[in-house]
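Structure, as structure tokens:
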Amino acid sequence: MATKLPTPVAKALRVIFSGLSRLWNETKISIFAVLFGLLVGAIIVLTIGRSPVDVFRAVYSSSFGSLQGFFETMAYVAPLILTGLAIAFAFRCGLFNIGAEGQVIVGMFVSGFIGFTWPDLPTIILLPSAILGGAVAGAIWAGIPGLLKAKLGVHEVVNTIMMNHIAFYLVNWLVSGPYKASGVQGTDAVPANIRLTRLSDIFGTSAADGHTGIFIALAAAFICWFLLWRTTTGFEVRATGLNPHAAEYAGISVAKNILLAMLISGLFAGLAGGIQTLGVRGRVLQMSAFPNLGFNGIAVALIGKNHPLGVIFGALLFGVLLRADAAIQIQADVPRQVVAIIQASVIFFVAAEQIFHWLFIRRKKEVVVND
């Protein structure tokens, strides 16, 4: 005779299985798309006479084969989580924030500016000021196209693209001109006491670039989730994104939520720039090209289905691929362009998820008809 589980245990198991089932239904398309993208990458590796096994072995060993490699990977993952959140939050309000790249750049500069301008301030004041300064700078930078969109209906895509270029050239001019330090293509370094602590120092391993910014990024993901799904503001933002006309009819201010969504989106992107300056570089350097953190954030949000949890996994995937770039070249003798092809393949199949919808839905319908 089967033993009946206690009611609280049975109830908890039902909640867990229900949650897992819902999570699987929401993410299965992205998972298949990622696997299909990796399969295409493996086929391309085969066509140039190299072994896909060697490539995946290099990816694993460089990212997870040692604690140092794992920490290095986290240095790539942390800003990608934040830029992914920036894109996802705006998209939940129906906005396509292409300007995360520019918001990252101004965040990088303002965090560094606060650090090297007031180096004598106590750490307890200077560190949070530098981090928040970068975040606020990103929010203001995103708020400009947000305001134009909310008040005048100017399309945010064109504006945010232009803001990227303005940020790039403006910061490069500041770094190479008024704030250029002697003997370096960049500004003065920020004080050591406000550099984000390296994970390798905490865990006593070999030096690695990974820093405590990963915890800031994970906390931001939780805040983003809480804001979107557990607050009235988040409900209004999502309602505006789903149907602005219905939201307006229900008494929700569409203009206010558009501006708010862009400000919060820019806040996440600016924060990404801030932790790059305080965690990795230690100063603001002159750029020869866009750092691509914001542009990669678009792909991360796309893979993560614009959900904070999905963004974390999307950032992890991209961080691993970026970290493994050199290892793939050295250990598997594969050109670095192949990494870019794998990334592009993953993005392509995630973007073309209707292919998988069509396959699944059609198969399901065929099964029902045959039954």
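Checking every residue in segment 47-61 against the condition of being without any contact (Cβ under 8 Å) to a residue 12 or more places away in the chain and of a type in the set (Ser, Thr, Tyr) gives at least one match. The set of residues from segment 275-323 being touching a residue at least 12 places away in the same chain (Cβ under 8 Å), closer than 27 Å to Phe113 by Cβ and not in a helix (DSSP H, G or I) comprises Gly282, Arg283, Val284, Leu285, Gln286, Met287, Phe290, Pro291, Asn292.
The condition of being at pLDDT 90 or above, open to solvent by 90 Å² or more (accessible area, probe 1.4 Å), on the phi < 0 side of the Ramachandran plot and in a helix (DSSP H, G or I) does not hold for Phe17.
Pairing each residue of segment 70-87 that is more than 17 Å from Gly310 (Cα to Cα) with any residue that is open to solvent by 10 Å² or more (accessible area, probe 1.4 Å) and not in a helix (DSSP H, G or I), provided the two are 6+ apart or on different chains, yields C-beta distances under 6 Å for Glu72/Asp209; Ala75/Asp209.
Just checking, does segment 241-249 include any residue being hydrophobic (A, V, I, L, M, F, W, C), more than 30 Å from Asn193 (Cα to Cα) and open to solvent by less than 10 Å² (accessible area, probe 1.4 Å)?
Yes, some residue in segment 241-249 is hydrophobic (A, V, I, L, M, F, W, C), more than 30 Å from Asn193 (Cα to Cα) and open to solvent by less than 10 Å² (accessible area, probe 1.4 Å).
Scanning segment 89-96 finds one or more residues that are farther than 19 Å from Ile194 by Cα, among the hydrophobic types (A, V, I, L, M, F, W, C) and surrounded by fewer than 21 Cβ atoms within 10 Å (Cβ to Cβ).
Going through segment 277-318 one residue at a time, which ones are closer than 30 Å to Ile31 by Cα, touching a Gly at 6+ places or on another chain (Cβ under 8 Å) and open to solvent by less than 30 Å² (accessible area, probe 1.4 Å)? Listed by number, the residues that qualify are Leu293, Gly294, Gly297, Ala299, Val300, Ala301, Ile303, Gly304, Gly310, Val311, Gly314, Ala315. Looking only at residues of segment 87-97 that are under 13 Å from the mean Cα position of the chain (by Cα) and more than 17 Å from Phe235 (Cα to Cα), we find that the one that is modelled with the highest pLDDT is Ile87. If you go through segment 326-343 and keep only what is part of a helix (DSSP H, G or I), open to solvent by 30 Å² or more (accessible area, probe 1.4 Å) and either free of Cβ contacts under 8 Å to residues at least 24 places away in the same chain or farther than 27 Å from Lys28 by Cα (or both), you end up with Ala326, Gln329, Ile330, Gln331, Gln337, Ala340. Cβ-Cβ contacts under 6 Å between residues 6 or more apart (or on different chains), taken from a first residue in segment 232-255 that is more than 17 Å from Gly153 (Cβ to Cβ) to a second residue that is open to solvent by 60 Å² or more (accessible area, probe 1.4 Å) and outside any loop (DSSP other than H, G, I, E, B), are listed as Val237/Arg92; Arg238/Arg92. Here Val136 meets the list (1) at pLDDT 95 or above; (2) buried (at least 24 other Cβ atoms within 10 Å of the Cβ) almost entirely, failing just condition (2).
Tally time: how many residues in segment 141-153 are under 13 Å from Phe96 (Cβ atoms) and open to solvent by 10 Å² or more (accessible area, probe 1.4 Å)? Walk me through it before giving the result.
Taking segment 141-153 first, the residues under 13 Å from Phe96 (Cβ atoms) are 142, 145-146, 149.
Next cut, open to solvent by 10 Å² or more (accessible area, probe 1.4 Å) only: 149.
Qualifying residue count, segment 141-153: 1.
The values are calculated or read from the model by the stated rules, or taken from the named source; none is laboratory data. Keep in mind that this is a model prediction, so the values were computed, not measured. Every residue, glycine as well, gets a Cβ built from its backbone with ideal geometry; the counts of neighbours run over all protein chains shown. Areas reflect the complete protein model, heavy atoms only, side chains present, ligands, DNA and RNA absent. Shrake-Rupley method; radii C 1.70, N 1.55, O 1.52, S 1.80 Å.
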